[in-house]
Each structure stands twice: as C-alpha cells, then as structure tokens.
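Participant: Please find one structure pasted underneath; my questions will follow.
The values are calculated or read from the model by the stated rules, or taken from the named source; none is laboratory data. All of these numbers come straight from a predicted model, not from anything done at the bench. Neighbour counts run over all protein chains shown; Cβ positions are idealised from the backbone, glycine included.
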There are 2 protein chains.
Amino acid sequence: MESEFLAWLQHRVLRTPIAPLGLQDDAALLRLREPDGTVVTTDMLMDGTDFRLGEIDPRRAGRKALAVNLSDLAAMAAKPLAALVSLALPRAGGRALAESLYEGMLPLAAELDVAIVGGDTNSWDGPLVISVTAIGEVGARGPLLRSGGQIGDWILVTGEFGGSILGRHLDFAPRVRESLRLHEAYELHAGMDISDGLTLDLSRMARASNCGAVLDLSQIPVSAAAVRLAERSRDGLTHLDHALGDGEDFELLLAVPPAEARRILRDQPLVVPITAIGQLVAEAGLWQTAGETSRLPLSPQGYEHRLDS
Amino acid sequence: MESEFLAWLQHRVLRTPIAPLGLQDDAALLRLREPDGTVVTTDMLMDGTDFRLGEIDPRRAGRKALAVNLSDLAAMAAKPLAALVSLALPRAGGRALAESLYEGMLPLAAELDVAIVGGDTNSWDGPLVISVTAIGEVGARGPLLRSGGQIGDWILVTGEFGGSILGRHLDFAPRVRESLRLHEAYELHAGMDISDGLTLDLSRMARASNCGAVLDLSQIPVSAAAVRLAERSRDGLTHLDHALGDGEDFELLLAVPPAEARRILRDQPLVVPITAIGQLVAEAGLWQTAGETSRLPLSPQGYEHRLDS
C-alpha cells in the first residue's frame, strides 16, 4: 500500500482491542473472543456492475462495498468485528477516490463497531474494483443457516422489496442489529439476506433446507421505488415483478416455526416492519398460493452472474 | 456466485474441520483454536500489473494470488488455515478461466493445508482481478512483527534476490514452513516478507523498529535470474541493483540477535539457504558498509503503488 495513503488512513482507522497492532505489519492480528464461532465473508464490487462511478458520489460506492459484506454477516446472525478492504483504483485521481471510498465506509464501520484492520491499495489502468472481507462472531445460539428451514415454517421478511436500483442498493442499512435481535429473542430456523432477488434467494433457502416454498403474492411488501420503477419503465414488469426479482434489497429472509412467527409479527420488535409472505412446504420448488387450497408454480427471478465458458 | 460454478467448486473444495459448513451460506463459519492469535491478510492482483494473462498459463496467476497471501502469513510466522477468493472475470471465457485459476490455487492450498472457505465469483467487461484473503493462526510464541528489531540484530534472509519477473514472481514457494520452523526453534526479533524490494522492505522494517539498517552489499545473495536480467536489458541496472530493488522475491527478511543468528547460520535448518546481509543500527535510515568502519547512505529501491491525487 502506498505509504502516504497508509499514513492518511492510519489516522482514521484507530487501533481497537480486536486488532491491537494497527496497519503496520504484513497481516493483521485479531483478538477474537469466540474462536469456535468466527464467521467470514467476502464480496467484490466493480464499477459498471455494482455502481456507476460517473453517476454517484464515490462515498456511496465505498459504503455499499462494506454494507453488502455486513449484510452477509447479518444473514448468519453474526456480530461484525473487523473488515479488510482491497482496492484497484483507476490511475487518474486514484488517491482522492481512495479517500472518498473510505469516507463512505468509515461512518458505517463506526456505527456498527467494525474495525478496518487491513487491506491492499493498488492503482491500474482498469475501472474501480473494491473487495471487502468482513469477519464476525456468532453468539451462544450459533449461526443462522440457510439449511435449517423445516416444512411448515413461516417465511418472514424485513422491510420492502423492489426498485432498489433507484438508490437503496447504495444506501441500504444492513440488517445487523435486527438479525442479532431476532436470533437472540426468538427461535429462528433459517435465514439469509436478499441480495439476488426475493424469489431466487427464497428458492435457494428452500433447496438448502430440502423443501419447497409457497408465496402468498398478495402479502409481498412492495416498496414505493418498485411502484415508481414499474410506472416509469416500459418493459412490462409490474411493481410485484420488481419486488420478486430485482434483488439488492438486503433485507432478511427468515424461516420461523409458526407459533414463533406469530409472536414476532405481534411483537414487531424492530424499527423495520416484519411481514409473513409464505410458508415452507414438502413439495420441492417455488409456488404461489391460488385460492384457499391450491398452488401454482412460480419461477424464481433474480440476478445471477453468468460465466461464459 | 453462479450456481453451476459453485457446484463445480464444491466438489473440489472439501469440507474441513475448520469450515464445517462448506460453501452454501452467506458467510463461512470457522472453527479456530487460537482466539488471541488469529491473523488475517488480503492481497489483490490485477491482470496487466501482477501478471499478463495473455502470456502465461492462468493457473500460474491463480497460484500466485494465493501464494502472495500465504507469504504474508509466513511473514508473521502464522500457520495458514483458510482462504477466501474473489474474482472479477472477463466475460468471454470467464468460466474456463475461473476453473484454471482454481486449478492453480488448489494444489498449493492442499500442500499447505489451507481450506478455501468462501469467495465471490463475478464477471464484467474489465480485465481479470483476483482478491484473496488468507486467515492463519500464530503459535505460542505469538506473531513475528516488523517492529521487534533491536539495534545490533543481524539481518538474515532466505533464498536469493532479483530477477523474479523472469518467472519466480509466479512460481515462488511461500516460506510458510520455513518461517514456522525458524520462529519455533530460534529467537527472532522481527520478520517480514520481501514483496516490494529488498532495500525498500528492509527500510520499512528498520523504521518500524525505530532504528536504521546497514547492508553489506558483498553479501547479498543474487539470483541467477538477476544476472540474466542485467545481461539482457540495456537499462544500466546491475545484477546487484536487481537484487536490491526488484521485489516479488517473497523471501523472508529477519532481524535476529547476533548469537542466535550465528546459530541459525551454522545450523542452516531449512532447505533454502539463509544468509546474513547486514545489521540493524542506531542511526535511522538505510546504509551500506564502506570498508571496516565507515558507511555510506543507500537509497531504498522497490515498488510502490503510486496514487495520483
């Protein structure tokens, strides 16, 4: 890492008990309290794919790069502790861009007590790439997994869905405190965050849990942005289509035993609303309710990176 | 991550005790044994900067991306445990490239017992970017730091220097076992790996240790590649210049108390030779010996990413 930039950063990234050495060495030493319950995740964001640098304040790109990783920790009900940040910066204006990216990250890191413990800062002739690795710890209840869902579980979600491209995909609040709160106070069977699309991610959770899922489409909390997007664009997609498949909502998707789900819905213990949208069922695949007793197949929609062979 | 590629990878990345859940969830759960001594590092490699994809077998690029991170763990005398791999792949042929990169990484990971526990695989319109995060643990002696050097310590290095661009920068063996062996059997004061250039990295270690360093240039182990490079190119650089400044040698640089250094030199406990090349001194800065009693300033040479403001 460029030594001048490192000096700039070292004054902003304070030493914390979790990383007592600061940024000086080849690697960061971590003082973890839960060695058996350490959780680690990584996400890479690229200019032109995950944000468009020419169109936004770069601080929002930096913030998003950290936030998506914290959302992955929230998905596991892990408390974030530390993060490492690697940058490939375009040569022209790279230093100023690096500072802006960190200015976007550091307030979110401070808000959620995340220490930036290391990284790698490079410049090159390509577009901006940000790779963040986040480390967290799970509590006494262990991690929340995708695979713990059981037939009959209610499917709960936080927040609203669709249209995140209008801005929320950059400025969303990762559901870190919400996830910890729910996992501690209620019996949750399975959980994940919605990054690629509500129906695509739900189909993944159902498959990981060896069951299927049925959605009551009338219950999906549709965001105002999804409505705006449907009105604005001429691609024929409804606001519900946007809610079901846009992705980057970064809300929590949970499978919860019915009695506990009722308790959560009654308590509404979070600042963000929790909604029941369906149920895990024995029959594999994704379904929608059709009347009282029957169901129709539902095609999972969402975003997948496609790799050409 | 693309689900087909994930399926391909999951068969090659076996479940290990350290990461009992496999690759299915939003983050990897780690079972670490040393709560106080976890070490984490990250390095990002870009096509055109750290390798030229058009000119090499891509497996070598993948291997290098893991190896540089393992070298950073070796620098801290940490035993590698796990790694996460994020890729930004060019769209055309991305799937085949991803497989090649992993085919380069997995044998090295297997050789050094490193579990690939997670990652993020993307495609885009830019050149290949590989970001690896490696996690390790330190033993009872704690980590080896840059800042532990003391005035009078001998400066020892493993291996030979210079000319790594001719091939060794891709195929080097990270000094993982060597570092663990030395740190366990001898009293080392400070250590790091040589990534940016022997003199530049030594000047960093000396500064971190609040002292200076004097090199005996006649003792620098110069590689055959440095000699070939000096003969071949017309830039006026000698083989010694290459040894002092090329970087990417990924050898160990150690500060060791004199009696212990003599013991190491006598024992030569590694498969790779260990050489004494100088000493830490009270006077700040970097120096070269000149006769028996005097010294001359020496300018640190090496590679630094420069960030334009």
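Participant: Identify the residue in segment B:96-150 that is of a type in the set (Ser, Thr, Tyr) and closer than 14 Å to B:Lys64 by Cα and, among all such residues, is farthest from the chain's Cα centre (by Cα).
Facilitator: Once the filter is applied, the top-ranked residue is B:Ser100.
Participant: On the basis of being modelled with pLDDT of 95 or more and not small (Gly, Ala, Ser), does A:Arg175 make the cut?
Facilitator: yes
Participant: Give me a count of the residues in segment A:206-257 that are of a type in the set (D, E, K, R) and on the phi > 0 side of the Ramachandran plot.
Facilitator: Within segment A:206-257, residues that are of a type in the set (D, E, K, R) and on the phi > 0 side of the Ramachandran plot number 1.
Participant: Still on this structure, please answer the following. Is it true that A:Gly285 is assigned by TED's automatic domain parsing to the domain that holds A:Asp201, crowded, with 17+ Cβ neighbours inside 10 Å, under 27 Å from A:Asp43 (Cα atoms) and not acidic (Asp, Glu)?
Facilitator: So A:Gly285 does not fit the description; no.
Participant: Scanning segment B:143-199 for residues that are more than 14 Å from chain A (Cβ to nearest Cβ) and β-branched (Val, Ile, Thr), which turns out farthest from A:Leu30 (Cα to Cα)?
Facilitator: Per the criteria, the residue is B:Ile165.
Participant: Residues being crowded, with 17+ Cβ neighbours inside 10 Å, under 12 Å from A:Leu156 (Cβ atoms) and in contact with a helix residue (DSSP H, G or I) (Cβ under 9 Å, 6 or more places away or on another chain): count how many of those fall in segment A:240-274.
Facilitator: Result for segment A:240-274: 9.
Participant: Does A:Gly191 count as assigned to a strand (DSSP E or B) and either in contact with a Lys or Arg (Cβ under 7 Å, 6 or more places away or on another chain) or assigned by TED's automatic domain parsing to the domain that holds A:Thr158 (or both)?
Facilitator: Yes; evaluated as a whole, the condition is true for this residue.
Participant: Take the conditions of a type in the set (Gly, Ala, Ser), over 30 Å from B:Asp36 (Cβ atoms), in the same structural domain as B:Gln219 (by TED's automatic domain parsing) and buried (at least 22 other Cβ atoms within 10 Å of the Cβ) and apply them to B:Gly126. Does it pass?
Facilitator: Taking the combined requirement at face value, the residue does not satisfy it.
Participant: Answer yes or no as to whether A:Ala28 is of a type in the set (Gly, Ala, Ser), out of contact with any helix residue (DSSP H, G or I) (no Cβ under 6 Å at 6 or more places or on another chain) and more than 7 Å from every other protein chain (Cβ to nearest Cβ).
Facilitator: So A:Ala28 fails the test.
Participant: Right, here's the next one. Among the residues that make up segment B:1-22, is at least one of them at the interface with chain A (Cβ under 7 Å from one of its Cβ atoms), surrounded by fewer than 18 Cβ atoms within 10 Å (Cβ to Cβ), touching a residue at least 60 places away in the same chain (Cβ under 8 Å) and not hydrophobic (A, V, I, L, M, F, W, C)?
Facilitator: no
Participant: Report whether or not A:Leu101 is within 23 Å of A:Gly167 (Cβ to Cβ), more than 10 Å from chain B (Cβ to nearest Cβ) and touching a strand residue (DSSP E or B) at 6+ places or on another chain (Cβ under 6 Å).
Facilitator: no
Participant: Any idea which of (1) within 17 Å of A:Ala78 (Cα to Cα); (2) away from chain B (no Cβ under 13 Å); (3) among the charged types (D, E, K, R); (4) in contact (Cβ under 8 Å) with a residue 24 or more places away in the chain is the one A:Glu111 doesn't satisfy?
Facilitator: Answer for A:Glu111: the failing condition is (4).
Participant: Quick check on my filter: what residues within segment B:23-49 are without any contact (Cβ under 8 Å) to a residue 40 or more places away in the chain, crowded, with 20+ Cβ neighbours inside 10 Å and part of a loop (DSSP other than H, G, I, E, B)?
Facilitator: Residues satisfying the conditions are B:Asp25, B:Asp26.
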